[in-house]
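The values are calculated or read from the model by the stated rules, or taken from the named source; none is laboratory data. Predicted, not measured: the structure shown is a model, and the values here were computed from it. Cβ sites come from the backbone with ideal geometry, for glycine too, and all protein chains shown count toward neighbours.
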Amino acid sequence: MLPEAAIPSGYAPGPGLLRDRVILITGAGGGVGSAAALAAARLGASVVLLGRNVKKLEKIYDAIEAAGAPKPAIYPMNLAGATWNEMSELYASIEREFGRLDGLVHAAAHFTVFSPLSDIVPRDWMESLQVNLTAAYTLTRLALPLLTRSADAGVVFLTDPSGRDNKAYRGALGVTKYALEGMVRSWALELEQLPHLRLNAYDPGPLRSFLRLKGYPGEDAQKLPLPESAVPGLLYLLGPDSRGLSGMRFSSASLRE
Ligand SMILES: NC(=O)c1ccc[n+]([C@@H]2O[C@H](COP(=O)([O-])OP(=O)(O)OC[C@H]3O[C@@H](n4cnc5c(N)ncnc54)[C@H](OP(=O)(O)O)[C@@H]3O)[C@@H](O)[C@H]2O)c1
């Protein structure tokens with residue numbers, strides 16, 4: 001189990017927190033991914049927007065340009081089918097274009113519906129494992145050569161309560177979040193000798209997004225916080241204010257206390 005840690009209460013990123021950094025964000029067209037991308041760009045980062053829906057990526061690209069932030073890059077990729085070589089080519093392209101990588105946010109998640117494990121459609125199981133776990137592993141592993149060259153780098157894995165304590169009927173999503181936190185735990189321990197590189201899990205709490213709507217269709221979404229509420233925690237974990245903290249599970253509770 002990952003040790004739990006708190007985002008400093010009322011954390012507010014300083015101006016230029018991520019200046020000159022290059023940050024890759026998966027699921028950048030989604031609720032959390034797009035909020036993270038715009039916020040990181042506004043704080044000076046060049047963001048690489050990875051997702052499978054180009055129209056959604058273009059929308060966030062335009063918002064970043066309109067904000068006068070550093071020019072982002074769009075990298076379309078369907079993580080359900082992407083190969084090791086295609087992911088390697090992504091980093092070759094980042095290195096050619098930007099020459100560096102200082103952060104990675106794993107916000108992409110495959111999810112269709114909560115169901116008993118015995119009833120999961122085989123394809124749904126495989127895509128959940130592929131997108132939520134294997135792609136997160138592979139993208140992190142292939143990023144290590146660039147991340148270890150950065151003077152200060154953060155990798156953030158979005159998680160949810162299942163990551164800490166999986167329960168009945170949380171389906172493939174629950175299994176993958178539980179495994180994801182286990183992966184963060186062992187990987188952070190193995191990389192302890194690299195104090196400038198941190199790997200952490202972040203649970204932002206329930207947020208108004210498509211993913212949430214799919215899981216809780218009867219819920220009044222208007223009562224949920226917007227994905228932007230995850231931004232301070234993500235920026236804290238991406239930037240130098242979390243230096244030295246690795247292999248931990250942060251949750252949004254600390255932000256709301
Ligand atoms: N929302 C919550 O209440 C909540 C709570 C705790 C943790 N989280 C976690 O936060 C992360 C972001 O979720 P969200 O709420 O922002 O959901 P979201 O708006 O549905 O975003 C998920 C993103 O993942 C992308 N994705 C799914 N399958 C993909 C694939 N095969 N290849 C590439 N991209 C793919 C989606 O792309 P498309 O747009 O093309 O579908 C979407 O952009 C997830 O890891 C989620 O588990 C969310």
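Computed quantities for the displayed model
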| read-out | value |
| --- | --- |
| Options L57, L79, L101, L90: the member that is closer than 18 Å to G239 by Cα and at pLDDT 95 or above | L101 |
| Which numbered condition F111 fails, given (1) surrounded by 12 or more Cβ atoms within 10 Å (Cβ to Cβ); (2) more than 12 Å from the ligand (Cβ to nearest atom) | (2) |
| Test for L213: is it away from the ligand (no atom under 12 Å from the Cβ) and modelled with pLDDT of 95 or more | no |
| Count of the stretch 125-140 residues which are of a type in the set (F, W, Y) and closer than 19 Å to S186 by Cα | 1 |
| Top-ranked residue of the stretch 16-61 - restricted to ones that are of a type in the set (S, T, Y) and either within 11 Å of the ligand (Cβ to nearest atom) or outside any helix (DSSP H, G or I) (or both), ranked as farthest from G103 (Cα to Cα) | S34 |
| Positions within the stretch 91-109 being free of Cβ contacts under 8 Å to residues at least 60 places away in the same chain and under 26 Å from A201 (Cβ atoms), in sequence order | Y91 |
| Residues within the stretch 224-257 that are assigned to a helix (DSSP H, G or I), modelled with pLDDT under 95 and of a type outside the set (S, T, Y), tallied | 3 |
| Complete set of residues in the stretch 131-166 that are polar (S, T, N, Q), touching a Phe, Trp or Tyr at 6+ places or on another chain (Cβ under 7 Å) and not in a helix (DSSP H, G or I) | T159, N166 |
